[in-house]
Amino acid sequence: MGFRINTNVAALNAKANSDLNAKSLDQSLARLSSGLRINSAADDASGMAIADSLRSQANTLGQAISNGNDALGILQTADKAMDEQLKILDTIKTKATQAAQDGQSAKTRTMLQADINRLMEELDNIANTTSFNGKQLLSGSFTNQEFQIGSSSNQTVKASIGATQSSKIGVTRFETGSQSVSSGVVGLTIKNYNGIEDFKFQDVVISTSVGTGLGALAEEINKSADKTGIRASFDVKTTGAFAIKAGETGDDFTINGVKIGRVAYQDGDKNGSLVSAINAVKDTTGVQASQDENGRLVLTSADGRGIKIEGNIGAGAGIIQKENYGRLSLVKNDGRDIAISGTNLSAIGMSKADLISQTSVSLRESKGQIDANTADAMGFNSYAGGGKQIVVGFSSASAYMDSAGSGFSAGSGFSVNSGKNMSVALESGAVFISAMSSGGSAAYNVSKGSGFSDGSGNSQFATLKTSAGNAAGAASETSGVTTLKGAMAVMDIAETAINNLDQIRADIGSVQNQITSTINNITVTQVNVKSAESQIRDVDFASESANYSKANILAQSGSYAMAQANASQQNVLRLLQ
């Protein structure tokens, strides 16, 4: 190699290498000072694109976690509010239970109802004021609400919170059959009790014997109430059509096969001879006698067997329904219809030819006056003051009085033409139906003067019990727990309301668990995404420190080499000396 002065190749090479080392040193210092491997697109174009995508996903997942926590806050707010409502409902049910015993007076029951009314007001206040960020939670408007919990659109969790006002919860189904006047073996089936299957009960005998009747059927139904959701009660009462008049029973006077015999009784049964004679054998007959506030004779079957009177009880007793198996009432803790089928349902007053009074009542409705229709469906009207007796087989009171065995025939002192207007008394205490059959506009032939006679335009038997001013005398009742039957109904309604709230809480609890699991999953995903981004974007300090040391040493050695290369040109001067 010759000695050149114009072009110092060694210095140029040293400079070129020093420039490269300077760039490496600058890049290394940038990475070490920022902590990032990629500080510009030029550092790693494809890596930057991937890292930016991962960063966007991680940030979105972070916001999704915040959304999920907001959803949890909303649901927990609603849950705690409903917990307080459940405490209120527990108190309402307790007060209804307190009222459901005849040791309470009308005054104390009224006070209990006032307490219940206040509790319902607070229940509604909680439902109408519970909110989150101005959004009502328990009013029924919070339905199908969505929370974005993913990094891509439409990755959502949906939540709904049902309405919890007293008008929307506690809707309970009440159904009560017609008064049964026939015996037999009944096979009862609840159709679609769980939405799919039918539930068939064991056959039950409806008769006047021990262990039979509506009491036995109610027991059979209640054994499976936890499965079917349906509970049963019964009311077997036979009530006189008017206050007891002086008279005498015959030697053949018999109740449920037990002969009582001849008993003379006074107006109003002043000395209690009739009631005492019947009660003397009540342990055998299962039938207990008493008088109501109007002086009428009331025969009650405590165990639910039928009441069958044979022989002559005397016209003065006012008993015109000699065979009675009572009314069956069913309660279901939701507002859905109770669909039944089976054999010989007429023996429980629930055949196709019978009228089944039915209604659904919410918690709020129970605090107001119970109208006649609702009262009848709840089983108030067992013809013991709440309604009239319905006598099938006679077109009028006069036709019944003229019939053999009625006790009102000629010579009884109570016959049609006796001048004592007993037909008027009977008409006021009973409705006479000449025939009943299923279907047809003339299916029910009702006595003249009842408002439902032929040609009156009122051909439906349903009107007898359930419409305002009905001929059968189904009466409106005072509100809520102010009566024994009403208190028991409120217990049922409060129980339904508790079930409704528990169901709503269970639903939102499931959503809370779902969201919590989603948040946990998102958190793990976010960590992994950030880790993946870090692998691409973040600098490895150990490796980069080594690179920096290398570049730094090379920069220093490059400066030395450049100085030596420039110094080597001085050798040319020696040639000129």
Quiz item: Yes or no: A11 without any contact (Cβ under 8 Å) to a residue 60 or more places away in the chain and small (G, A, S)?
Solution: no
Quiz item: Can you pull out the residues in the stretch 131-157 that are over 13 Å from L61 (Cα atoms), among the β-branched types (V, I, T) and surrounded by 14 or more Cβ atoms within 10 Å (Cβ to Cβ)?
Solution: V157
Exercise. Could you check the stretch 102-190 for strands (runs of 3 or more DSSP E) lying wholly inside it with 1 or more residues that are over 30 Å from S301 (Cα atoms)?
Key: 145-148, 156-159
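Criterion first (under 14 Å from D79 (Cβ atoms), surrounded by 15 or more Cβ atoms within 10 Å (Cβ to Cβ) and modelled with pLDDT under 95) does V511 satisfy it? Can you show your working first?
Details: under 14 Å from D79 (Cβ atoms): yes; surrounded by 15 or more Cβ atoms within 10 Å (Cβ to Cβ): yes; modelled with pLDDT under 95: yes.
Here the answer is yes, as V511 does meet what is asked.
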Quiz item: Pairs, please: C-beta under 6 Å, at least 6 apart or cross-chain, first residue closer than 29 Å to I196 by Cα and in the stretch 207-229, second of a type in the set (S, T, N, Q) and in a loop (DSSP other than H, G, I, E, B)?
Solution: E220/Q202; G229/N333
Quiz item: List, please: which pairs have Cβ atoms under 9 Å, are six or more places apart or on different chains, and start with a residue in the stretch 541-569 that is outside any helix (DSSP H, G or I) and end with one that is at pLDDT below 75 and surrounded by fewer than 18 Cβ atoms within 10 Å (Cβ to Cβ)?
Solution: Q569/F3; Q569/R4; Q569/I5
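Results for (1) more than 14 Å from T164 (Cα to Cα); (2) crowded, with 19+ Cβ neighbours inside 10 Å, shown as yes or no for each residue.
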site: G68; (1), (2): yes, yes
site: G73; (1), (2): yes, no
site: Q76; (1), (2): yes, no
site: K87; (1), (2): no, no
site: S105; (1), (2): yes, no
Quiz item: What are the residue pairs meeting all of these: first residue in the stretch 485-509, first residue in contact (Cβ under 8 Å) with a residue 12 or more places away in the chain, second residue acidic (D, E) and in a helix (DSSP H, G or I), Cβ atoms under 8 Å, and 6 or more apart or on different chains?
Solution: I498/D90; R505/D79; R505/D83; I508/D79; G509/D79
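Does the stretch 145-163 contain any residue that is on the phi > 0 side of the Ramachandran plot and of a type outside the set (G, A, S)?
yes
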Quiz item: How many of the residues making up the stretch 107-119 are without any contact (Cβ under 8 Å) to a residue 12 or more places away in the chain and either touching a helix residue (DSSP H, G or I) at 6+ places or on another chain (Cβ under 9 Å) or crowded, with 19+ Cβ neighbours inside 10 Å (or both)?
Solution: 1
Quiz prompt | Boolean, A51 is in contact with a Lys or Arg (Cβ under 7 Å, 6 or more places away or on another chain) and buried (at least 16 other Cβ atoms within 10 Å of the Cβ) | solution = yes
Practice problem: Taking the residues in the stretch 472-496 that are modelled with pLDDT under 85 and buried (at least 23 other Cβ atoms within 10 Å of the Cβ) as candidates, determine which candidate is nearest to L89 (Cα to Cα). | Solution: A474
Practice problem: Residue by residue through the stretch 297-314, note down the ones that are surrounded by fewer than 24 Cβ atoms within 10 Å (Cβ to Cβ) and either at negative phi or charged (D, E, K, R) (or both). | Solution: V298, T300, A302, D303, K308, I309, E310, N312
Exercise. Can you tell me which residue among A241, A264, A246 is farther than 15 Å from I338 by Cα, in contact with a strand residue (DSSP E or B) (Cβ under 8 Å, 6 or more places away or on another chain), surrounded by fewer than 22 Cβ atoms within 10 Å (Cβ to Cβ) and touching a residue at least 24 places away in the same chain (Cβ under 8 Å)?
Key: A246
Quiz item: Looking at (1) surrounded by fewer than 17 Cβ atoms within 10 Å (Cβ to Cβ); (2) modelled with pLDDT of 95 or more, which is the one condition that is false for I278?
Solution: (1)
Exercise. Can you tell me which residue among I338, I390 is outside any strand (DSSP E or B), among the β-branched types (V, I, T) and touching a strand residue (DSSP E or B) at 6+ places or on another chain (Cβ under 8 Å)?
Key: I338
Quiz item: Would you say G215 is more than 25 Å from G429 (Cβ to Cβ) and buried (at least 21 other Cβ atoms within 10 Å of the Cβ)?
Solution: yes
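Could you check how many residues of the stretch 255-268 are closer than 27 Å to S423 by Cβ, assigned to a loop (DSSP other than H, G, I, E, B) and either charged (D, E, K, R) or within 47 Å of the chain's Cα centre (by Cα) (or both)?
The qualifying residues number 1.
The values are calculated or read from the model by the stated rules, or taken from the named source; none is laboratory data. These numbers were taken from a predicted model, which means no experiment stands behind them. Please note: Cβ atoms are built from the backbone with ideal geometry, for glycine as well, and neighbour counts cover all protein chains shown.
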